[in-house]
Amino acid sequence: MNDNFLPFALPCIGEEEINEVVDTLKSGWLTTGPKTKRFQNDFAQFVGVDHALAVNSCTAGLHLALEAIGIQAGDKVITSPYTFTATAEVIRYLGADPVFVDIDPQTFNIDPYQLAATLDIVDGVKAIIPVHFAGQACDMDPILESAAEFSVKVVEDAAHALPTLYKGRMVGSLGDITVYSFYVTKTLATGEGGMIATANPEYAERMSILRLHGMSRDVFDRNSSWHYDVVAPGFKYNMTDMAAALGIHQLQKAESFQQRRAEIANLYTNNLNDLPLTIPYQADYSSHAWHLYVIQLDLATIDRNTFIERMAAAGIGTSVHFIPLHLQTYWRDRYDLKAEDFPVALDVYNRAVSLPIYPCMSDDDVDRVITQVRTILK
């Protein structure tokens, strides 16, 4: 990679984060402790929920959420095939089975009407995991109505969706439990990490215990007393104070980061909309975190691999989000799935390319991407 290469994504880390991490190192408290608790409290207030639990990944958070709502072996959980494998793999952790529902061709989120039809014909569904793709909210009202009608829980995969509003309400305050990702490329980055948000105190207590070996008290809580009790077979899912130190200041920048991402998205849209491609659709019921800016190529004009190779040759990184799960060997073979089973997800995937978008991109960086896309497609 040359020095002039523009990566697909970069975290935007400032002196505030660096100083907070240094303070953590000097404090001697590196694992779950005061910084993690501060981050949790700040996050709960930001999203508008009573409980926020920091974990070491979004995957861990989704696993804890499904366990907390009582998912067991043999149960079924509906989700989208157009997502990263973690969304579905956590269902298998508990011996349950995913049921995939195709996506809306505009938003790339789960189609709420196909979801309702699936609930009507599939027995044993206990939960729904809607995925807020790219940072745009799913159409949650019909999803929540279907969940209520069929008495199933809703665990939102908000790995892309911070901060995102649905009809004026923050994603995280809608379903039973919501889980976020703070992976290095996400809108809030702690390197690795995640957060669980819920208004339900029983779920919060259960997940808090399970995230650290099923112990009744963590190390920080035991600072003045040695005693603890193991009340469940838990997991090692806690967040460290070093990660939380980053998160504290990343959260304070979340809105300004989103504003910059939106500016970049607008520049792309305004300068690419006359080309043989489809620009991202934005629903009127949702704001957009713009974790991803996904264009869809006109394959009669150019092959996707050729486009990506020509962007790379010009020193610009791109990516593809996502290879649908029903095309992946494990999911395809286990559930006897065929490519045409989810035609919208297949079509979107075949034409999708994600362009670079992150807050510390300069206007010159954005212009460079626009110029190269125009050069290739013109």
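Provide the FRET efficiency to the nearest 0.05 for the Gln106-His227 pair, computing r from the beta carbons and using R0 = 56 Å. The calculated FRET efficiency here is 0.50.
Using a 7 Å offset from Cα along Cα-Cβ at Gln328, what residues in the stretch 89-129 end up with backbone N under 15 Å from the label point? Residues 89-94, 97-101 qualify, since their backbone N sits under 15 Å from the label point. Over the residues of the chain, the helix contribution to mean residue ellipticity at 222 nm works out to -12000 deg cm²/dmol, using -39500 (n - 2.57) for each DSSP H run of at least 4. Set the Förster radius R0 to 35 Å, insert the Cβ-Cβ distance between Arg217 and Leu10 as r into 1/(1 + (r/R0)^6), and round the FRET efficiency to 0.05. For R0 = 35 Å, the calculated efficiency reads 0.35. Remark: relative contact order (the chain) = 23 percent; criterion is Cα-Cα distance under 8 angstrom and separation of 6 or more residues. By the count of other C-beta atoms within 10 Å, a proxy for reagent exposure, Arg206, Arg217, Arg334 are ordered fewest to most as Arg334, Arg217, Arg206. Between the beta carbons of Thr269 and Ile18, assuming R0 = 51 Å, the FRET efficiency works out to 0.90 to the nearest 0.05.
Full extension of the segment from Ile302 to Ser173, taken as 0.36 nm per residue of separation minus the current Cα-Cα distance, would add 42.2 nm. If you take the Cα centroid of the stretch 228-292 and the Cα centroid of the stretch 146-213, the two points sit 13 Å apart. Label-to-label distance for Ser151 and Gln252 is 4.8 nm, based on points extended 7 Å past Cα in the beta-carbon direction. Less than 13 Å apart at the alpha-carbon level, and either on another chain or at least 8 residues along: which aspartates and glutamates does that give for Lys26? Qualifying aspartates and glutamates at Cα under 13 Å: Asp241. Distance between the modelled labels on Asp367 and Ala283, one decimal in nanometres: 3.7 nm (7 Å Cα→Cβ projection).
From least to most packed, judged by other beta carbons within 10 angstrom and beginning with the fewest, Cys58, Cys138, Cys360, Cys12 follow the order Cys360, Cys12, Cys58, Cys138. A simple charge model with +1 on the Cβ of Lys and Arg, -1 on the Cβ of Asp and Glu and nothing else charged puts the dipole of the chain at about 660 debye relative to its Cα centre.
Taken together, the values in this text are just the output of simple stated rules run on the coordinates, not laboratory data. Everything quoted here is computed from the prediction, not taken from an experiment. Heads up, the Cβs are rebuilt from the backbone with ideal geometry, glycines too, and the neighbour counts pull from every protein chain shown.
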